[in-house]
Amino acid sequence: LQKLVEAEGWMFPIDLGSRGSCQVGGNAATNAGGCRVIKYGNTRASVLGLEAVLADGSVIGPPNKLVKNNSGYSLTQLLVGSEGTLGVITRLALKLVPLPAARHSLLLALAPATTPERGLDHVLRRCKFELGGALSAAEAMWPDFLAGAVAARPQVRSLPAGFANRLALLVELEGDRHEALARMAESFAEKLFEEGLIEEAVLPASERDAQSLWQLRECIPELQAGIRPYVGFDLGLDPAQYEAFVRRARERLARTLPQVRAYFFGHVGDGNLHAMIGPCRTPEEVREAELALYEQLTPLATCVTAEHGVGRKKKAYLGSSRSPADIEAMKAIKRALDPQGILNPGRIF
Ligand SMILES: Cc1cc2nc3c(=O)[nH]c(=O)nc-3n(C[C@H](O)[C@H](O)[C@H](O)COP(=O)(O)OP(=O)(O)OC[C@H]3O[C@@H](n4cnc5c(N)ncnc54)[C@H](O)[C@@H]3O)c2cc1C
């Protein structure tokens, strides 16, 4: 789909590590996010309408193509993110955006935050205010992740020594002209450097050079391979909490699971922190890994899944993200549309 529409000058902005294997029906069913949610929203924002087969065989649709349509409940938005539990999506009307003419990226090594006001959250705010509409992604990689990625993909690129043991932020800009984006990136990095907010930056010389930074961010399969069996996390939390959250998780893991490695990274620009912890070989070790992160979640202010969905693995923790009334209302919808529970049984609840 991306290739097809790009040939016509358009873009389907949902871009995931699973590009090439996932399908748009799966993207809609999971309300997938990815790297550019900060600018374009998650799949929900790109779905105008859909057609779906419900449990009783009836077909809802055809897909709405109107941008504004308030004629009753939005069945489209009900089905998006329903993880296949309410219907099988068979057609979609997707919203495209004009393909940006130019992209540029920069990698920042953040200075250790001496106060919360000088940490990742502050740098993210600066990105949003100063790069404005040009900002299309803001991805964080904690030091273990970045060092692991560089070691796993030595052919991709090396990084300046200033990145050692530093939280790194990969920022992407989109616009009309590459030169203008490069200038904007450079002056932004200079300003942060002068203010002591970053200690090092990589400003790629070419599109290819920029791509190599993204290849480090996408090194997940190699990192996973080194820690199998691992537990994956997909948390939603306020960016102001990230550094303390990760520090507390590491302190607890050092006590309870000293043998594991923990990689933290994520789409932090939109409040989505990922982690992979392993090897966790027994149910007890899996539980310990989960507790290190989930016990820190503040009821109803954070969530156990920001973009991957509840599925089966996170069911036990749904109550930490949604109120009892929310869960009852969801169950009532499920009962109404699928009274016999034949669609994706065992997911979400
Ligand atoms: C390497 C990698 C990177 C990833 N990165 C991201 C990321 O950055 N952001 C993100 O959000 N996700 C990510 N994912 C997770 C996953 O790829 C996405 O959630 C994707 O949208 C799932 O699409 P799929 O077609 O593979 O669906 P599947 O995995 O086949 O199915 C996912 C769920 O949707 C249901 N489903 C599938 N098709 C339909 C349909 N037509 N109608 C109704 N229900 C349906 C299935 O029953 C299942 O419950 C990643 C996965 C991998 C392997």
Here the relative contact order (percent) of the range 97-178, from C-alpha pairs under 8 Å and at least 6 apart, is 54 percent
Quarter of the surface of the C-alpha convex hull for the range 161-270, i.e. direction-averaged projected area in nm², equals 8.9 nm²
For the range 183-335, the Cα convex hull volume per residue in Å³ comes to 166 Å³
Nearest 10, in degrees from 0 to 90: the angle of helix 242-256 to the longest Cα principal axis of the chain is 90 degrees
Restricting to lysines and to Cα separations under 18 Å from K95, and discarding same-chain partners fewer than 8 apart, the set is K3, K39, K65, K68
Interchain or sequence-distant (5+) residues whose placed amide H lies within less than 5 Å of the amide H of L92 are E51
For the range 134-208, the percent of all C-alpha pairs falling in each 5 Å bin, from 0 up to the bin holding the max distance, is 3, 13, 22, 26, 19, 12, 3, 0
Helix 324-337: inclination vs the chain longest Cα principal axis, degrees, rounded to 10, gives 50 degrees
If the chain between F129 and R183 were fully extended at 0.36 nm per residue, the gain over the current Cα-Cα distance would be 17.8 nm
In whole percent, the Cα-Cα distances of the range 101-143 spread across 5 Å bins from 0 upward as 5, 18, 30, 24, 14, 6, 2, 1
Taking Cα atoms only, helix 207-217 is inclined relative to the longest principal axis of the chain by an angle, in degrees rounded to 10, of 70 degrees
Taking only the Cα positions of the range 1-129, the convex hull volume per residue in Å³ is 166 Å³
Note on the range 73-226: C-alpha Rg/Rh, Kirkwood Rh, two decimals, gives 1.05
Per the C-alpha gyration tensor (a ≥ b ≥ c, the square roots of its eigenvalues), the chain is rounded if a/c is under 1.5, else prolate if a/b beats b/c, else oblate; here it's oblate
For 331-341, 191-201, 21-31, ranked highest to lowest by mean beta-carbon neighbours within 10 Å, the order is 21-31, 191-201, 331-341
Cα extents of the range 74-159 along the principal axes, largest first, in whole Å, come to 48, 34, 32
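Can you quote the Å³ per residue value for the convex hull of the Cα atoms in the range 5-59, rounded to an integer?
Values: hull volume 5.9 nm³, N = 55.
Given the Cα convex hull of the range 5-59, per-residue volume reads 107 Å³.
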Restricting to aspartates and glutamates and to Cα separations under 17 Å from K313, and discarding same-chain partners fewer than 8 apart, the set is E83, D234, E284, E285, E288, E290, E295
Expressed in angstrom and rounded, the centroid-to-centroid distance over alpha carbons for the range 11-58 and the range 207-257 is 24 Å
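Each reported figure results from applying straightforward, stated rules to the coordinates on display, with no laboratory input. What you see is a predicted model, and the numbers here were worked out from it, not measured in a lab. Cβ: placed from backbone, ideal geometry, glycine included. Neighbour counts: every protein chain shown.
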